[in-house]
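**Student:** Sharing a structure with you now.
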Amino acid sequence: MLKFPELVKAMRRFGPNLDLLESLLKERKEVILSYLESVKELYFTPVLANRFMRISFDQEIDRHIRLSLKGKSYLSLSGEGVPVTKIENFSGNPYAYNHEKDQWDMTVDATWEPLVYEFQYEGEAEPLPFSRFRSYKTLNDMMMVSLNLGTIQGFIVDYGRRDFVLLVKTPYKDIKENLQTIPFIRYTAWLGLEQGTTFLMEFSIPEEYLKEIMEVLHDLRQHVNVLLTTTSFEYFKPLL
């Protein structure tokens, strides 16, 4: 019988590629597809391999991928930005999610390890050109060659209704490790600054849990920078 955490773990590697999932999970393709279709708001964001990703916190016209609700903070992919040296792909914590009820359990204490991608930098930086996908058939057709060639190294998997997107930047590893236990975490990007590594975490949060998360961050306000936005396309471009 399919278990949601096992499915998310497999989809972080292969996306909704039914042929690969069937082989890995030892379950019929029809059963997997039926299960996927029962999960609300299921999306996949490809993470490219061997590409140069740099993040900028300055405004660039028509290039921001995150814009704060107050319109004062930005996140862009830019050749002039800070290099990303590592990405930890959490794709949330599926142990905390009930896909039948579209509900989260904030008390779940199950360990959920990220899928880790490391990047080496030579030459010019290039922005990530992919947005997220919903259609299983379209993604399979478009991505099969890339998966086979190894040019895509994984997918960030989103599931369940989300209303707000929260970016948290901190240079403190202990704070990063504590915040990564929040079940809504999508990824942590390691940024290679001259003064050392800084961590950028992104969370995608249902409205009913936002106050609780913001109260946690309020206690850390001297040690973190925060950008709050919504999932509206005006503020949030579905790129990593």
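**Student:** Can you work out which of the residues in segment 149-169 that are part of a loop (DSSP other than H, G, I, E, B) and over 24 Å from residue 210 (Cβ atoms) is modelled with the highest pLDDT?
**Tutor:** Pass one, segment 149-169, residues part of a loop (DSSP other than H, G, I, E, B): 150-151, 159-163.
If we keep only those that are over 24 Å from residue 210 (Cβ atoms) too, we end up with 150-151.
Details: 150: 59, 151: 67.
Filtering segment 149-169 for residues that are part of a loop (DSSP other than H, G, I, E, B) and over 24 Å from residue 210 (Cβ atoms), the one modelled with the highest pLDDT comes out as 151.
**Student:** Any chance segment 170-189 includes a residue that's modelled with pLDDT under 95, farther than 26 Å from residue 5 by Cα and more than 13 Å from the chain's Cα centre (by Cα)?
**Tutor:** no
**Student:** May I pose another question? What tally of residues in segment 219-229 results from selecting those that are surrounded by 14 or more Cβ atoms within 10 Å (Cβ to Cβ), in contact with a Phe, Trp or Tyr (Cβ under 7 Å, 6 or more places away or on another chain) and of a type outside the set (Ser, Thr, Tyr)?
**Tutor:** So the count comes out to 1.
**Student:** Do we find a residue being surrounded by 15 or more Cβ atoms within 10 Å (Cβ to Cβ) and of a type in the set (Lys, Arg) anywhere in segment 199-218? Full working, then the answer.
**Tutor:** Here is the first cut: in segment 199-218, the ones surrounded by 15 or more Cβ atoms within 10 Å (Cβ to Cβ) are 199-206, 209-210, 213, 217.
Next, from what is left, pick out any that are of a type in the set (Lys, Arg): none.
Within segment 199-218, none of the residues are surrounded by 15 or more Cβ atoms within 10 Å (Cβ to Cβ) and of a type in the set (Lys, Arg).
**Student:** Mind listing whichever residues of segment 77-109 are closer than 12 Å to residue 4 by Cβ and not in a loop (DSSP other than H, G, I, E, B)?
**Tutor:** The answer is 94, 95, 96, 97, 98.
**Student:** Additional query: Scan segment 97-111 and give yes if some residue there is at pLDDT 90 or above and under 14 Å from the mean Cα position of the chain (by Cα), otherwise no.
**Tutor:** Checked segment 97-111: no residue is at pLDDT 90 or above and under 14 Å from the mean Cα position of the chain (by Cα).
**Student:** On to the next question. Looking at (1) within 17 Å of residue 202 (Cβ to Cβ); (2) polar (S, T, N, Q); (3) within 19 Å of the chain's Cα centre (by Cα), which is the only condition residue 73 fails?
**Tutor:** (3)
Results for (1) at pLDDT 75 or above; (2) buried (at least 17 other Cβ atoms within 10 Å of the Cβ); (3) among the small types (Gly, Ala, Ser); (4) over 15 Å from residue 4 (Cβ atoms), shown as yes or no for each residue.
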residue	(1), (2), (3), (4)
23	yes, no, yes, yes
55	yes, yes, no, yes
59	no, no, no, yes
62	no, no, no, yes
66	yes, yes, no, yes
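The values are calculated or read from the model by the stated rules, or taken from the named source; none is laboratory data. As the structure is a computational prediction, the values presented were derived from the model and not from experiment. Virtual Cβ from ideal backbone geometry, glycine too; neighbours counted across all protein chains shown.
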